[in-house]
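Every number here is computed from the coordinates shown, using simple stated rules; none is lab data. Keep in mind the model is a prediction, meaning the values are calculated, not measured. FYI the Cβ positions are ideal-geometry reconstructions off the backbone, even for glycines, and counts take in every protein chain you see.
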Amino acid sequence: MERPQRKRLRLESYDYSQPGSYFITICTRERNQEVLCSIEPAVGAIINRPPRISLTPLGRIVDATIRAIPDHYPGISVDQYIIMPDHVHLILALRHIGPDGRQIAAPTPLSNVIQQMKRITSKQAGISLWQKGFYDHVIRNDEDLANVRQYIRNNPLKWIQDKD
C-alpha cells in the first residue's frame with residue numbers, strides 16, 4: 001500500500017532566507033502534556049493579571065536556546081516568543097545587512113535555524129522533544145505583526161480558558 005504524501009508546510013516558491021518577520025509554531029511530540037511549562041491563573045488583588053507560567057527543566061532548555069538564536073545567527077533576531085506547555089510560538093526577524101548597508105538575504109534559511117534549535121534542545125534534554133516540521137506564517141505588514149504579537153501575548157490565557 002502506498003503511503004500518503006506528507007502535506008507541505010512551506011510556501012512552495014517563497015525564499016525563507018529573505019528579510020522579513022516569520023511567525024513560527026513548534027509542537028512537542030507529547031501533545032496535550034505539560035512538558036515545557038505549567039500555566040496557572042493569576043491570583044491576587046490585581047484584575048486582568050496575566051497567568052503565571054512556570055517553566056519545567058525542559059522549558060528552561062528551550063528558553064535558553066531561543067534566547068541564543070541571535071548569537072548563532074547574526075541578522076536573525078527573536079522579536080517575541082512564548083513557551084507553552086506543549087508548543088512554542090515565536091516571531092523571528094531576518095534582517096541581514098550587507099557590506100554596503102543594504103538588506104540582503106540571510107545566509108541561513110529559516111528552516112535551518114528551526115532545525116538547529118530543535119536539534120540542540122533535544123540533545124540537551126536527552127530525548128526527542130519535537131514533532132517533525134513546524135508551522136510558519138510569513139508576516140506581511142505591521143498590522144499582521146501586531147496581530148501575531150497579540151496572539152502570542154494572549155496564548156497563556158487562552159490555554160487556561162480552553163482547560164475550563
Using only the alpha carbon atoms of region 20-159, find the Kirkwood hydrodynamic radius as the inverse mean reciprocal pair distance, in angstroms to one decimal. 16.0
What does the extension gain come out to for ARG60 and VAL78, with contour length at 0.36 nm per residue minus their alpha carbon separation? 4.8 nm
By average C-beta atoms within 10 angstrom, highest first, the peptides 132-139, 115-122: 115-122, 132-139
Just to confirm the filter: which trypsin sites (Lys or Arg not before Pro) across region 24-83 are DSSP coil and have at most 12 other Cβ within 10 angstrom of their Cβ? ARG31
Which of THR56, MET84, THR108 sits farthest toward the positive end of the charge dipole of region 20-159, with +1 on the Cβ of Lys and Arg and -1 on the Cβ of Asp and Glu? THR56
